[in-house]
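Undergrad: Can you read through this structure? Questions will come right after.
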Amino acid sequence: MTASTRSRMALRDRPEFASKPRPLAFQAETMTAEAVAAMSDKSYGSVVVVDGDNKVIGIVTERDIMKKIVNAGRDAAKTPLSEIMTAEPRVAHETDEVVDWLRIMSNERFRRLPVVDDEGRVKAVFTQGDFVSYTWPDLIYQAGQMAKASVFKNWHIALIGGGIALYSIIMVIVVAMAT
């Protein structure tokens with residue numbers, strides 16, 4: 001099945017959507033150290049920054065922490081998330097198409113995508129890895145097609161090479177039996 005024949009699929013229809021653990025969500029005034037402790041505890045690569053209604057207003061990733069806290073020599077215990085977050089990040093609705101977001105994330109070079117419900121409340125965070133699992137069957141199919149095209153394109157060379165190899169083996173056997 002190729003990407004062109006695959007039916008359109010909403011983010012919420014992906015198998016991992018229902019099984020994804022709830023994303024870590026913190027208020028903007030939360031100190032970075034608290035968020036880092038939670039990220040470390042759960043092995044998460046980001047936290048979603050939300051307002052009082054649990055609506056996404058920002059995101060903080062491991063890269064943000066490395067660049068804006070560690071490399072800048074700032075104190076994570078005294079730096080609120082609001083000072084290091086990416087404000088108003090791209091967010092997807094759970095009904096959005098997977099392929100559309102795969103393209104957007106690839107083109108705009110970001111790796112984490114908060115997914116929200118109709119009210120804008122965070123439901124999940126999709127990563128590039130989630131999208132790779134979606135494209136994996138297409139990649140395998142394309143590799144197979146390329147292999148077939150390569151073999152059939154040069155079938156005459158393979159036939160001649162096989163014939164020469166078979167002839168050589170038969171000649172070795174004939175010569176060995178004659179002596």
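Undergrad: Name the residue that is surrounded by the most Cβ atoms within 10 Å (Cβ to Cβ), counting only residues in the stretch 14-43 that are in contact with a helix residue (DSSP H, G or I) (Cβ under 9 Å, 6 or more places away or on another chain), in a loop (DSSP other than H, G, I, E, B) and free of Cβ contacts under 8 Å to residues at least 60 places away in the same chain.
TA: It comes out as Leu24.
Undergrad: May I pose another question? Could you list all residues from the stretch 44-74 that are open to solvent by 40 Å² or more (accessible area, probe 1.4 Å), in a helix (DSSP H, G or I) and not hydrophobic (A, V, I, L, M, F, W, C)?
TA: From the stretch 44-74, those open to solvent by 40 Å² or more (accessible area, probe 1.4 Å) are 44, 51-55, 57, 62-63, 66-68, 70-74; that's our starting set.
Subset that is in a helix (DSSP H, G or I): 62-63, 66-68, 70.
Hits for the stretch 44-74 are Glu62, Arg63, Lys67, Lys68.
The values are calculated or read from the model by the stated rules, or taken from the named source; none is laboratory data. Small disclaimer: the values here were computed from a predicted structure and weren't measured. In this analysis, Cβ positions are derived from the backbone assuming ideal geometry, glycine residues included, and neighbour counts consider all displayed protein chains. Ligands, DNA and RNA are excluded from the accessible area calculation, which covers all protein heavy atoms including side chains. Shrake-Rupley method; radii C 1.70, N 1.55, O 1.52, S 1.80 Å.
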